[in-house]
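A short write-up of the structure that comes next.
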Amino acid sequence: MQRTVLKFGGTSVGSAEAIERVARIVASTAGERLVVVSATAGTTDALFAAVRSAAAGDLAAARARLDQLDALHRAIAGQLGIAVPTELDGLRAQTLSLLEAVHLLREASPKAIDAIVVYGEHASAPLVSATLRKHGLRSESRSAEQLIVTDDVFGNASPLVSQTRERCAPLRELAAAGAVTVVTGYAGATPDGVTTTLGRGGSDYSAAIFAAAIDATELRIYTDVSGVMSADPRVVKDARTLPVLSYLEATELAYFGAKVLHPRTVLPAIEAGIPVRILNTFAPEEPGTTISSFAPRDGSVVKATASLAGLGLINVAGAGMSGVPGFAARVFDTCAAEKVSVLMISQASSENSICFIVPSEAAQSLRAALERMLSRELARHDVERVTVEAPVAIVSAVGEGMRGTPGVAARVFTSLARAKVNVIAIAQGSSELNISLVVTENDRENAVRAIHDEFHSGRASVRLSA
Ligand code: ADP
Ligand code: ASP
Ligand code: MG
């Protein structure tokens with residue numbers, strides 16, 4: 001028996017016309033079905049903006065954003081020719097109270113933010129469900145808070161697998177009985193019922209968690225492009241859809257900025273042996289990308305190039321650091337104490353230095369913390385300086401075919417030199433699955449295009465076979 005989880009992203013539920021497409025896709029999918037939806041496009045960003053306004057003291061602006069979102073969802077219901085979901089009233093009232101609390105305290109805790117931003121998925125799910133009913137399907141919407149049990153890492157929670165599986169048992173029964181449940185993506189709740197989110201873009205992850213929890217036979221992620229492509233199509237116009245990706249490739253690409261997939265999406269599905277396909281809501285007949293657990297041999301070297309912007313590079317430099325045991329540990333302990341995640345640690349240059357990449361908004365305060373921690377070494381000149389370079393970006397070339405293929409790095413760096421892109425740092429990597437490097441944010445798109453051109457244009461393949 002086919003049991004398919006279908007996830008639809010923000011653009012896919014972003015208008016009445018798109019939701020009608022969703023309904024047609026779901027109706028034409030054979031077997032048992034479960035639908036996972038994102039917030040309508042732009043809604044989650046608007047909610048974050050509302051939180052910032054409230055925390056900054058501007059409740060009127062926060063309320064205006066919420067009113068706009070409320071009006072938008074009511075308008076979509078009107079265009080769909082369905083009754084305005086009754087859920088919208090309660091949702092608006094509850095979210096407004098939370099924004100008022102943030103305003104009163106002038107502080108938005110991660111817990112408060114999560115409770116506010118899940119508005120988006122709670123508003124879209126009933127719209128999609130009602131449209132499915134209009135198309136003759138039996139459907140109701142459910143909140144993920146009742147279904148996905150998570151830890152209490154607000155803003156970036158992880159599921160507790162066995163409890164989630166237990167809670168999801170009724171979903172299996174509903175699907176088996178022919179009903180199509182529409183669940184909210186992105187959200188979960190702690191065992192005692194406090195709302196959490198799975199991180200930005202987390203509806204993909206939700207879909208994989210649900211697929212594993214209900215023993216789905218396939219996970220389909222419907223988005224606004226025809227699968228995972230050789231680069232972000234907004235940056236590289238002739239980027240191509242990749243028919244097959246290994247799950248390691250998919251994970252690396254997602255981690256290094258290919259927004260099409262949330263970095264943690266693939267694992268629950270792959271662990272459960274569930275095939276994952278990335279498809280286009282607006283061209284559902286196209287084959288899209290299949291993610292498989294093995295590395296497909298297709299002769300490619302670099303399969304795709306991704307990039308991640310908004311970063312800062314921190315360099316701790318000084319001759320007196322070499323050979324001092326525990327020095328790196330102290331530096332990274334400080335990052336942990338400041339709750340700053342380190343995205344990449346770069347190869348040391350000839351000078352004695354530790355060089356690493358963090359989100360740019362955290363870079364300056366982290367530098368101050370490092371200078372405090374290293375005050376004695378700085379006074380003795382064992383450490384000469386702690387510097388920040390921002391904004392920078394990581395650009396990554398990813399592909400299983402790089403393993404054991406000589407000369408890939410040389411081609412990457414030659415292509416960048418040709419494009420006059422200055423490489424600030426190179427990542428340490430042992431997987432041989434990716435080469436990552438740091439460039440200024442200004443150079444980011446040029447760097448992606450240069451690497452993509454080198455490995456994907458006709459010119460490069462001629463050169464390869466010559
Ligand atoms: P959804 O709302 O459906 O989850 P997202 O906006 O999160 O959609 O992700 C889809 C977008 O990811 C695409 O519109 C595209 O611009 C971007 N993207 C970045 N890198 C890639 C890539 N390598 N392949 C495909 N899309 C990519
Ligand atoms: N709506 C959430 C976000 O924008 C989750 C998602 O779309 O996957 O981050
Ligand atoms: Mg997404």
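Cα axis of helix 119-134 to longest principal axis of the chain: angle in degrees, 0 to 90, nearest 10?
Computed tilt is about 40 degrees.
Can you pull the semi-axes for region 16-122, root of five times each eigenvalue of the Cα gyration tensor, sorted largest first, whole Å?
Semi-axes, largest first: 30, 15, 11 Å.
If Lys and Arg each add +1 and Asp and Glu each add -1, what is the summed charge of the other residues whose beta carbon sits under 12 Å from the beta carbon of Ala304? Walk me through the numbers before you get to the answer.
Details: positive: Arg240, Lys303; negative: Asp232, Glu249, Glu252, Glu400.
Around Ala304, the charge tally is -2.
Calculate how steeply helix 43-55 sits against the longest principal axis of the alpha-carbon atoms of the chain, using the helix alpha-carbon long axis, and give the answer as 0 to 90 degrees to the nearest 10.
Helix 43-55 sits roughly 70 degrees off the main axis of the chain.
Relative to 2.2 N^0.38 Å, what does the C-alpha radius of gyration of region 349-412 come to as a ratio? Two decimals please. Don't skip to the answer; put the middle values down first.
Working: Rg = 17.0 Å, N = 64, 2.2 N^0.38 = 10.7 Å.
Here the Cα radius of gyration is 1.59 times the empirical estimate.
Taking Cα centroids, how far is region 299-343 from region 376-411 in Å?
Cα centres, region 299-343 to region 376-411: 8 Å.
As a test of the formula, what do you get for the chain when each DSSP H run with n ≥ 4 contributes -39,500 (n - 2.57) and the sum is divided by the residue count, at 222 nm and rounded to the nearest 500 deg cm²/dmol?
Details: 17 runs with 194 residues, N = 466.
That calculation yields -12500 deg cm²/dmol at 222 nm.
For region 234-359, what does the accessible surface come to per residue with a 1.4 Å probe? Please give it in Å².
Roughly 45 Å² per residue, with all protein chains present.
Among the lysines, which have Cα under 17 Å from the Cα of Lys237 when same-chain residues fewer than 8 positions away are ignored?
The qualifying lysines are Lys259, Lys303.
Give the distance, in whole Å, between the Cα centre of region 83-143 and the Cα centre of region 208-233.
24 Å
How many Å² of accessible area per residue for region 1-145, probe 1.4 Å?
With all protein chains present, region 1-145 gives 40 Å² per residue.
Output the 0 to 90 degree angle, nearest 10, between the alpha-carbon long axis of helix 408-418 and the longest principal axis computed from the alpha carbons of the chain.
It is inclined by approximately 80 degrees.
What percentages, rounded to whole numbers, describe P(r) for region 288-349 computed over all alpha carbon pairs with 5 Å bin width beginning at zero?
The distribution over region 288-349 is 3, 9, 16, 17, 12, 9, 11, 11, 8, 2, 0, given as percents.
So, counting K/R as plus one and D/E as minus one, what does the shell of residues with Cβ under 12 Å around Arg65 add up to?
-1
Using only Cα atoms, what is the ratio of the radius of gyration of region 202-300 to 2.2 N^0.38 Å?
1.00
How would you rank 128-140, 259-271, 391-403, highest first, on the average number of other Cβ atoms within 10 Å across their residues?
Per-residue mean Cβ counts within 10 Å order the peptides as 391-403, 259-271, 128-140.
Got a number for carbon plus sulfur as a percent of region 116-167's accessible area, 1.4 Å probe? Could the numbers behind the result be given before it?
Working: 970 of 2100 Å².
Whole-percent figure for carbon plus sulfur exposure: 46.
Over the alpha-carbon set of the chain, divide Rg by the Kirkwood Rh and report the Rg/Rh ratio to two decimals.
1.00
Which whole-number value in Å³ per residue fits the convex hull of the alpha carbons of region 160-258?
Hull volume over Cα atoms, normalised by residue count, gives 131 Å³.
Kindly rank 360-366, 417-423 from highest to lowest mean number of other beta carbons found within 10 Å of each residue.
360-366, 417-423
Given a 1.4 angstrom probe, I'd like the percentage of the accessible area of region 239-388 that is carbon and sulfur, rounded to a whole number.
Exposed carbon and sulfur together represent 55 percent of the surface.
May I ask for the equivalent-ellipsoid semi-axes of region 1-70, computed as the square root of five times each C-alpha gyration tensor eigenvalue and listed largest first in whole Å?
34, 12, 7
The values are calculated or read from the model by the stated rules, or taken from the named source; none is laboratory data. Because the structure is predicted, anything quoted here is derived from the model rather than measured. For neighbour counting, all protein chains shown are included, and Cβ atoms are generated from backbone atoms with ideal geometry for every residue, glycine included. SASA here: full protein model, heavy atoms, side chains in, ligands and nucleic acids out. Shrake-Rupley method; radii C 1.70, N 1.55, O 1.52, S 1.80 Å.
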